[in-house]
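The values are calculated or read from the model by the stated rules, or taken from the named source; none is laboratory data. Everything quoted here is computed from the prediction, not taken from an experiment. Please note: Cβ atoms are built from the backbone with ideal geometry, for glycine as well, and neighbour counts cover all protein chains shown. Surface accessibility is based on the protein's heavy atoms, side chains included, excluding ligands, DNA and RNA. Shrake-Rupley method; radii C 1.70, N 1.55, O 1.52, S 1.80 Å.
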Amino acid sequence: MQSTATYTLYENSIIRDNTGKEIDIKTIKDTLQHINIAAEVESISDAAFFNCESLESISFAEGSQLKRIYKDAFNACHALKIIEIPASVESIDERAFDSCKSLESISFAPGSQLKRICKDAFKACFALKTIEIPASVESISNSAFNSCASLESISFAPGSQLKSIGELAFANCVALKTIEIPASVESISNSAF
């Protein structure tokens, strides 16, 4: 049975339903379809929604203060299709969205402050077709987009500050047709593509 209740993540990893009752993620993990992230949340903890296989969407409250999405936060959320990362986010950590095999769209809110896309952050997001990397990003780490088999186009926002592309960052992106490396790039590691 699918969950029809509305759930919101608050600071300190507290999840509440639409009545305000605090909920243990373990009790809704298998049925959770949507999660709201409250504006005051500054980080999403390690493995917070790991393997929530029914999670289809995530929304962020207006005025989001989110700075960091920690490792494995949404790893293996197989039903997740769309994500818009708030402008306030500075780091997407290791495996944050790894194996989100239905993820078709990743967008970044205007004015993005994202600096780092860490190791395996979006690895094996098989349905992803295009990505525009925000100008603020300075590093794309090892295997960040490895095995995104449907990825056809990678673009970089004007004024890109990208300095490094890690090893295997875009390896096994077999559908890749276009990419233009920004002039700001100082290093491209082995087998990046």
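Are there any pairs with C-beta distances below 8 angstrom linking a residue in segment 13-36 that is more than 10 Å from C52 (Cα to Cα) to a residue that is basic (K, R), with the two at least 6 apart or on different chains, and if so which? Going by the 8 Å Cβ cut-off, the qualifying pairs are E22/R16; I23/R16. When segment 38-56 is filtered for residues that are open to solvent by 40 Å² or more (accessible area, probe 1.4 Å) and part of a strand (DSSP E or B), only S43 remains. Considered as a group, the residues in segment 12-25 that are at pLDDT 90 or above and within 15 Å of A73 (Cα to Cα) include one that is surrounded by the fewest Cβ atoms within 10 Å (Cβ to Cβ), and that residue is I14.
Entry remark, segment 58-83: residues being touching a Phe, Trp or Tyr at 6+ places or on another chain (Cβ under 7 Å) and either among the acidic types (D, E) or open to solvent by 50 Å² or more (accessible area, probe 1.4 Å) (or both) number 1 in total. Here A79 qualifies as more than 11 Å from the chain's Cα centre (by Cα) and part of a loop (DSSP other than H, G, I, E, B). So I179 passes all but one of these: (1) loosely packed, with under 13 Cβ neighbours inside 10 Å; (2) at pLDDT below 95. Which condition number does it fail? All conditions are met except number (1). Taken over segment 165-188, the criterion of being among the polar types (S, T, N, Q) and either in contact (Cβ under 8 Å) with a residue 60 or more places away in the chain or under 14 Å from P134 (Cα atoms) (or both) is satisfied by S184 alone. Hey, any hits in segment 57-77 for a residue that's at pLDDT below 95, of a type outside the set (S, T, Y) and more than 20 Å from N12 (Cα to Cα)? No, that holds for no residue.
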